[in-house]
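Report on one structure; see the data block that follows.
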Amino acid sequence: QVQLVESGGGLVQAGGSLRLSCAASGRTLSSYAMNWFRQAPGKEREFVAAIRWSGSSTSYAGSVKGRFTISRDNFKNTVYLQMNSLKFEDTAVYYCAAGQYGSPNPRLYDYWGQGTQVTVSS
């Protein structure tokens with residue numbers, strides 16, 4: 001079993017930055033690909049970014065490419081999402097998920113965190 005806990009969300013003005021963290025416990029993350037998803041009110045959960053267990057490869061949704069950066073520290077059992085140039089439409093609950101690499105289908109993931117709210121004011 002893997003328990004995931006996100007943190008770092010909050011309220012930020014458009015154009016600002018936030019750094020989300022996803023800390024794991026229970027089992028090491030080093031064998032899992034890690035991903036970030038987000039879900040805005042009334043919308044489906046959507047894929048944001050992914051990183052392989054080695055950190056050697058990353059993948060991003062087109063809407064965040066060039067603005068968001070996913071990284072991981074396997075020694076700290078933590079995954080990060082650096083979000084720059086935030087836009088109003090980035091407002092959502094952000095979730096980390098372990099298991100698959102980069103699949104947009106949330107049903108394929110084994111483990112999820114509880115989410116952290118990101119609100120971008122225009």
Note on region 85-107: residues touching a strand residue (DSSP E or B) at 6+ places or on another chain (Cβ under 7 Å) and farther than 20 Å from ALA23 by Cα are LEU86, LYS87, PHE88, ASP90, THR91, PRO104
Contact list, first residue from region 1-14 and within 18 Å of PHE37 (Cα to Cα), second anywhere and open to solvent by 60 Å² or more (accessible area, probe 1.4 Å) and assigned to a strand (DSSP E or B), beta-carbon distance below 8 Å, six or more apart or interchain, is LEU4/TRP112; GLY8/ARG19; GLY9/GLN117; GLY10/GLN117
Exception for GLY115 within (1) under 17 Å from GLY9 (Cα atoms); (2) out of contact with any strand residue (DSSP E or B) (no Cβ under 6 Å at 6 or more places or on another chain) falls at (2)
Heads up, the strands (runs of 3 or more DSSP E) in region 30-122 (entirely inside) with at least 2 residues that are touching a residue at least 40 places away in the same chain (Cβ under 8 Å) and surrounded by 14 or more Cβ atoms within 10 Å (Cβ to Cβ) are 33-39, 46-51, 78-83, 92-99, 116-121
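The values are calculated or read from the model by the stated rules, or taken from the named source; none is laboratory data. Nothing here was measured: the structure is a model prediction, and the numbers come from that model. Heads up, the Cβs are rebuilt from the backbone with ideal geometry, glycines too, and the neighbour counts pull from every protein chain shown. For the accessible areas, the whole protein counts, side chains as well, though only heavy atoms, and no ligand, DNA or RNA atoms are used. Shrake-Rupley method; radii C 1.70, N 1.55, O 1.52, S 1.80 Å.
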